[in-house]
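Values quoted throughout were computed directly from the atomic coordinates according to the rules given, and no laboratory measurement underlies them. Model, not experiment: these values are computed from the prediction. Cβ: placed from backbone, ideal geometry, glycine included. Neighbour counts: every protein chain shown.
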């Protein structure tokens, strides 16, 4: 941003410097990380020959890390110096739209003040009319409080006519003044609303306040010319995260993943036409490995436990009874550390980015298209319907990063959920909602109501379970049915499981006892499944199992 010293900079003559120039340095470029950002700010100013001190406004200045500053068009003297809470005259570093908004506020304030003055004038007019009416009423009452009435009928008539006319005039002036005051109060409310709107419009543009953090840079020029100052620094005032929309076409299996970028900046910042890169690099990640030290093994006498109140009482009763020695094994706690997958990607956003009042924007990125294999998955013991599952491979050249996603099937919303990292070439399976035409039932046929329970006090038990999948649609459906059958890990427990029909697969995904059927169900038909289970175990033991 180019600034003129005479027009937009605050210049204060000093003994040590020819000029002291205060100017703004807006964000021109940013590399935004998942947490934090590296910002570039730049300012340009016309300076005469000589030595100058330039104050650059940086509202998100990190006092623990001084920004790097480079200067072109002049020679920098020494190192930049941080200046905290530098006083700032109102509007001195405003951008054109901020200056216009500030003028609008001043105009709105003037309008409110003018209305307030008019209301004060109307109050004076009301009081004047009220005094006149009070005087005329006093005259017209006569007697000791009024005036002597003339004895002549002609003079009396003239006096009464004059009093009546004056009272009518004063009453009309009072009414007019009160109406004017009411209208002015209504106008004042409207003008105060305009002032509130003007103040809000100015706040949305986020101008500097009466103080701002700055860095001071000393420069010297042999001849007048343009000086450009550029600063780079890390800040926690910005971050980004991916956002997704997944659209599945259930007839074809076409899956579109629309990627967006959610960018957040500190509420005090405003970005205008900033060149932005989005990176997955972690700039505050550990740079060096942890140290390794000697790990000796040592012997020591067994430690006795600290005596409790009960132990003390027992010792006082039977001091001759020795306590059993207790061996305490001490192990060093393993350090808890976040695990990173080492991913380092940078996305260069193609157009400049501007962020205003909301401090958060969602930027469109791109759309990835995949072909998914669809499965109607039924789990009768847990659900009341089957669900549509889509399995696909990430055939793109880059990973799909973790992030929040909205799911749609044939244009209908299905809710939201979290996506996990999907590397390039990896496969995953995602759920795309219930299938209401594939209804599931489950029933335990072996127990009467009221006898059902998890713990069974017996050494044998026989159970019969039935479950079904009903296709209420007008077309045949292929369904994959999963069920977890019981198994024993103890030698004394015998389990005999019979299934009807026999499953197509067993121990699905290396999960012991989980079986699968792949069935085709005709329109309007119901597929039945049955499971019989027999348990046998030693007397005195308790079976812990529920179908």
task = Considering the convex hull of the alpha carbon atoms of the stretch 172-288, report its projected area averaged over all viewing directions, in nm², one decimal.
result = 21.8 nm²
The stretch 260-300: mean projected area of Cα convex hull, nm² = 7.6 nm²
Stokes-Einstein translational diffusion, the stretch 396-442 - Kirkwood Rh over all Cα pairs, 0.692 mPa s, 37 °C, in µm²/s = 254 µm²/s
inquiry  = Taking the Kirkwood radius as the inverse of the mean 1/r across Cα pairs, report the Rg/Rh of the stretch 445-544.
reply    = 1.06
request  = Counting only C-alpha contacts under 8 Å and six or more residues apart, can you give the relative contact order of the stretch 445-544 as a whole percent?
outcome  = 45 percent
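Please rank 424, 288, fewest neighbouring Cβ atoms within 10 Å first, as an exposure proxy.
288, 424
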ask   = In whole Å, what are the Cα extents of the stretch 21-138 along the three principal axes, biggest one first?
value = 86, 44, 24
ask   = Which percent of the Cα-Cα distances in the stretch 213-252 go past 11 Å?
value = 83 percent
key: the stretch 382-496 - percent relative contact order, Cα under 8 Å, separation 6 or more   = 24 percent
query = What is the spin-label model distance, in nm, from residue 86 to residue 528 if the labels are put 7 Å beyond Cα along the C-beta direction?
reply = 8.6 nm
